Amino acid sequence: MNRIIFLGTGGARYVVFQQIRASGGMWMELGGTKLLVDPGPGSLVRMRARRERLNPMDLDGIVLSHAHLDHSGDLNIVVEAMTGGGFRKKGLVLLPGEALAEPGILLDYLKGCVDGLVVLEEGGSYRVGQVLIETPFRHIHGVETYGMNFRSGDLTISYVSDSRYTDRLQEVYTGQVLIINVVRSKPSDLDHLCLEDVETIVEKVRPEVAVLTHFGMSVLKAKPWVVAKKISEKTGIRVIAARDGLTLDLTQFGGPGQPA
């Protein structure tokens, strides 16, 4: 199956620290390649707690958009799990260079357990199995941060990670499936998108489906499912508010499975 599983949909400090929503990131299966994106706190537990008990040893790669804890808190334990406790050299870890700078977020003893560490850069293109991953530009955020286009066959999944709004977001993230992190309900001086920004991006990109996730407290209070419905009605685009554990079947959106 080609799918995305939202292991957690919580974002921002309070929601994550209180686990009002889980913070496990996203499990992706594309053309037989399995990726884990932004494994925040509890990612491993959320994998194993599912009915089908996702196996981290099946992963081909782990991708970090940036080093903030709500995106990277479970990185080390998931790397250790992916490599069978370090006894089976396996998988790639893709992350911004800042995340590896001293002291770094990946423990030294784990660096030699994987097939390779890939440093993400602006304008980069990287292959993991059947998936091509692009990082078009550095986001406006407190640390080095990238969104991604995941390409497999005829399908592109665009992931808009944390960022202050800029027109470039809708210029480069144009996949049929558009995943957007939205922390704030209203504009603020923080380097995060708000609901108004999301509506603008969805209207410009006009994907087949837009999925909202990584909710801060103000968005949760606004009821993400209600917000998604309003944006959908206003734009004419199918908009979904992700929930913890949501599985998005990708077969309806394109034909992943062939090399990109």
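What the table shows:
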read-out	value
Output for the stretch 231-258, where each listed residue is farther than 25 Å from residue 52 by Cβ and surrounded by 15 or more Cβ atoms within 10 Å (Cβ to Cβ)	231, 232, 235, 237, 239
Hits in the stretch 62-116 - residues which are crowded, with 20+ Cβ neighbours inside 10 Å, among the hydroxyl-bearing types (Ser, Thr, Tyr) and over 20 Å from the mean Cα position of the chain (by Cα)	83
Unmet criterion (only one of (1) under 23 Å from residue 122 (Cα atoms); (2) at pLDDT below 95) for residue 97	(2)
Of all residues making up the stretch 1-30, the number that are over 14 Å from the mean Cα position of the chain (by Cα) and surrounded by fewer than 20 Cβ atoms within 10 Å (Cβ to Cβ)	7
Test: residue in the stretch 203-223 that is free of Cβ contacts under 8 Å to residues at least 24 places away in the same chain and either farther than 27 Å from residue 130 by Cβ or under 20 Å from the mean Cα position of the chain (by Cα) (or both)	yes
Residue that is modelled with pLDDT of 95 or more, surrounded by fewer than 16 Cβ atoms within 10 Å (Cβ to Cβ) and either of a type in the set (A, V, I, L, M, F, W, C) or more than 29 Å from residue 49 (Cβ to Cβ) (or both), where the choices are 226, 205	226
Count of the stretch 30-58 residues which are of a type in the set (Asp, Glu) and in contact with a helix residue (DSSP H, G or I) (Cβ under 9 Å, 6 or more places away or on another chain)	2
From the options 163, 185, residue that is small (Gly, Ala, Ser), crowded, with 17+ Cβ neighbours inside 10 Å and farther than 27 Å from residue 34 by Cα	185
Criterion (in contact (Cβ under 8 Å) with a residue 60 or more places away in the chain, out of contact with any Leu (no Cβ under 6 Å at 6 or more places or on another chain) and over 20 Å from residue 11 (Cα atoms)) met by exactly one of 235, 174, 247, 251	251
The one condition in (1) surrounded by fewer than 16 Cβ atoms within 10 Å (Cβ to Cβ); (2) outside any strand (DSSP E or B); (3) of a type outside the set (A, V, I, L, M) that residue 144 fails to fulfil	(1)
Test: residue 29 is over 18 Å from residue 66 (Cα atoms) and assigned to a loop (DSSP other than H, G, I, E, B)	no
Residue in the stretch 119-131 that is assigned to a strand (DSSP E or B), of a type in the set (Ser, Thr, Tyr), under 28 Å from residue 173 (Cα atoms) and touching a residue at least 24 places away in the same chain (Cβ under 8 Å) present	yes
Hits in the stretch 48-104 (condition: in a loop (DSSP other than H, G, I, E, B) and under 25 Å from residue 13 (Cα atoms))	50, 64, 65, 66, 67, 68, 73, 74, 101, 102, 103, 104
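The values are calculated or read from the model by the stated rules, or taken from the named source; none is laboratory data. Everything numeric here is computed off the predicted structure, so don't read it as measured data. In this analysis, Cβ positions are derived from the backbone assuming ideal geometry, glycine residues included, and neighbour counts consider all displayed protein chains.
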